[in-house]
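Everything on this sheet refers to the single structure shown next.
Throughout, read-outs are computed from the coordinates displayed, never taken from laboratory work. If you're wondering where the values come from, they're calculated on a predicted model, not measured in any experiment. Reconstructed Cβ throughout: ideal geometry from the backbone, glycine too, with neighbour counts over all protein chains shown.
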Amino acid sequence: MNVNLDAFARQLADLTGRFADLGAKLAEAARELQDGGAPPSDALVEALATGSREFIELRAEIVLAAETLGLVVPDGIESARSLEPVLVAMTDALQAEQRRAAFDESRERVVAVLDRIAGVRHRDDESFEPLVVAQDKAAELKQAALALTETTAEQIEALEAAAHPFVDLLTMLEATEGLDDARFSALEESISEAFGRQTAVAAARKHLVLGEQSARAPALAEPEPVRLAETVRAPEPVRPPEPVRVQEPEPVVAPPPRQTPPKKVDRMPPQRVREPEPVAGAPAAAPSAAGRGDGSGSDESAQWWLSASARWSGWKNTLGFSEATREEITKYPYLLSAPIQQSLEFEEGLLAYGYSLILDHVEKQSPGCIANALTNLKSDPSKPIGTQLYEYLVAQGRLSETYPKFIENVLRAAVPEPGPWVQARMIHSKDDTRVFRRPTPRLGETEQTAQRFLADNQRFKEHKFDGPLPPLTTRFFSIQADLKDAHGIEVKLSVDGAPSDAGFLMTVPAAGKAGKLDVRRLSAEGTGVPGVGRDYGAIWLAIFNADPMRQTSFELGLTLRKDTRGMKK
């Protein structure tokens with residue numbers, strides 16, 4: 001929901017002023033009642049009733065808004081004055097959220113720059129010592145950036161300042177003709193100061209190249225068709241991330257070299273894709289630019305793979321799957337709701353890095369397949385490289401069979417904290433049931449609309465949620481129980497109109513209850529969970545589409561039960 005603190009503050013101030021005025025009138029009416037037995041006027045009684053009603057409504061709105069910000073509102077708020085500390089806490093929470101968003105954005109920009117530094121190569125000397133030292137510094141800064149937890153302006157400024165020399169190095173490697181003498185001299189001085197004179201000279205003389213530049217062979221010889229497998233060297237394990245070395249292969253005819261205009265490297269990873277290949281159309285994709293031989297289509301369609309494999313190469317030897325999952329879900333909670341090939345449309349291309357998780361899952365199914373992906377591709381001008389890589393990923397990981405297990409592992413790692421983005425959630429207490437939905441279908445939507453149900457016939461009924469499920473995506477839902485009694489919930493799922501078991505249900509023990517997180521597959525006939533509240537403090541649901549090529553639609557029904565007798569687990 002839209003949290004408008006200014007509006008809340010104005011309403012509360014107005015209500016407080018009216019209550020003060022009513023208090024004076026009520027005191028006068030009390031004296032008249034005591035002295036002469038005259039009852040309060042109808043207007044005063046009506047004004048009191050209106051004020052009370054408006055206070056209850058405003059209190060409910062503020063409490064709902066506070067809960068959407070993750071705040072716990074204490075019981076016993078019975079006066080307008082007692083709402084003021086709640087507004088103060090909401091202000092602090094919003095400011096902290098804004099600081100965190102600014103910090104995360106800055107850190108993502110820095111990490112994207114440092115990931116590209118890891119792909120820089122020397123044309124003639126693979127062990128060029130000054131470059132190795134610079135890349136070690138980049139790796140150390142990346143680890144330090146990922147370990148930061150502070151969200152102050154000073155931390156953001158210090159992080160960006162530390163990354164500035166790396167930005168200058170990328171700028172020099174990417175753009176020469178577009179730089180005037182003063183700018184070139186400033187870059188050279190900055191690089192010399194940070195990484196030594198040898199590095200600056202090597203960069204200025206084009207002895208250092210980016211990973212995507214080193215993957216391009218100069219088209220000076222006869223224009224023979226070049227196979228992708230011939231242009232890609234085997235990845236070097238000592239220089240992760242290897243896949244970044246193949247940014248623009250020319251799969252059919254090597255055209256004359258194109259000049260790349262200067263880029264703003266301090267913003268985000270290069271070559272962001274705005275129109276990725278639709279997942280559902282992968283089997284019958286129309287001939288792309290790659291098929292025409294201009295080399296522009298293949299590299300863009302493969303960018304999601306390059307980003308994901310770059311991230312995976314960076315953490316595979318230092319993090320376990322659970323740690324990496326928590327890290328990625330913390331940054332982008334809605335990651336698994338976005339289609340893999342379209343992930344570059346989100347977060348200015350940075351979301352694609354998060355799909356390093358599914359690369360890790362696929363690697364476990366077929367060890368060595370990620371490193372060999374590009375060299376194993378066939379020359380097929382009718383298919384973009386990105387589509388071929390997606391089909392390779394599906395085949396090597398047997399994702400139509402193993403994607404559910406991948407989602408189960410994500411659930412176990414990410415719940416209850418940090419928790420994936422939910423399409424909808426419910427809060428069920430002794431006195432009411434609140435349902436929070438997203439007001440738009442936009443993935444990652446942060447706003448929520450709230451409904452509050454007080455009557456049993458509104459609460460203990462089926463609450464329905466629906467939506468599309470693109471290939472290999474998942475939608476999450478949660479139910480939070482805030483009561484001591486044992487209520488129940490029945491879950492029914494249909495996909496494309498038919499009963500389905502394409503989902504998982506996770507139970508989280510109630511506070512103070514011993515037990516572990518339990519994950520079970522949904523039953524097509526329906527799944528019951530007694531003990532909600534008394535035994536389980538929260539229920540999480542993951543509804544997935546394991547079909548790698550076809551979009552489906554789902555309808556989820558959640559029925560709360562006050563009487564759990566006869567319910568089957």
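Between Ser429 and Thr375, the modelled labels are 6.1 nm apart [label points 7 Å from Cα along Cα→Cβ]. Summing charges over all other residues whose Cβ lies under 15 Å from the Cβ of Glu401, with Lys and Arg as +1 and Asp and Glu as -1, gives +1.
Please identify which residues in region 413-448 have an amide N closer than 16 Å to a label point set 7 Å out from the Cα of Lys513, following the Cα→Cβ vector. Within reach of a label on Lys513, which here means backbone N under 16 Å from a point 7 Å along Cα→Cβ, region 413-448 contributes 416, 427-430. The value of relative contact order for region 5-79, using C-alpha pairs under 8 Å at least six residues apart, is 29 percent. Here Val45, Val86 are placed in order of increasing Cβ neighbour count within 10 Å, fewest first, which gives Val45, Val86.
From the P(r) of region 416-561, could you give the percentage of C-alpha pairs in the tail past 22 Å?
Working: 3995 of 10585 pairs.
So the portion of pairs separated by more than 22 Å is 38 percent.
Look at where the Cα atoms of region 85-136 and of region 301-358 average out, and the two centres are 15 Å apart.
Working note: Karplus 6.51/-1.76/1.60 with θ = phi - 60° gives region 482-493 the couplings 10, 7, 9, 6, 9, 9, x, 9, 10, 10, 10, 10 Hz, where Gly and Pro are set to x.
Would you mind getting me the FRET efficiency between Thr16 and Glu417? Use the beta-carbon distance for r and R0 = 35 Å, nearest 0.05. Spell out each step's value before the answer.
On the way: r = 38 Å, r/R0 = 1.08.
With R0 = 35 Å, the Cβ-Cβ based efficiency is 0.40.
Counted by neighbouring Cβ atoms within 10 Å, the residues Asp75, Asp125 run from fewest to most as Asp75, Asp125. Under the rule a/c < 1.5 gives rounded, and otherwise a/b versus b/c splits prolate from oblate, where does region 5-79 land using the Cα gyration tensor? Taking the square roots of the gyration eigenvalues as a ≥ b ≥ c, region 5-79 is prolate. Under the simplified labelling scheme, the Glu193-Arg442 pair shows an inter-label distance of 4.0 nm, with each label point 7 Å from Cα along Cα→Cβ. Label-to-label distance, Ser382 versus Glu160, with points set 7 angstrom from Cα along the beta-carbon direction: 5.0 nm. Does a label point 7 Å from the Cα of Arg534, set along Cα-to-beta-carbon, have any residues of region 542-566 with amide nitrogen under 14 Å, and which are they? From region 542-566, the list is 561-566.
Going by a ≥ b ≥ c, the root eigenvalues of the Cα gyration tensor, does region 320-403 fall in the rounded group (a/c under 1.5), the prolate group (a/b larger than b/c) or the oblate group?
Details: a/c = 2.15, a/b = 1.34, b/c = 1.60.
It is oblate, given that a/c is not under 1.5 and a/b is not larger than b/c.
Ranked by the mean number of other Cβ atoms within 10 Å per residue, highest first, peptides 449-457, 394-402 order as 394-402, 449-457.
For His463, the residues whose modelled amide H falls within less than 5 Å of its own, excluding neighbours fewer than 5 places apart on the same chain, are Leu558, Thr559, Leu560.
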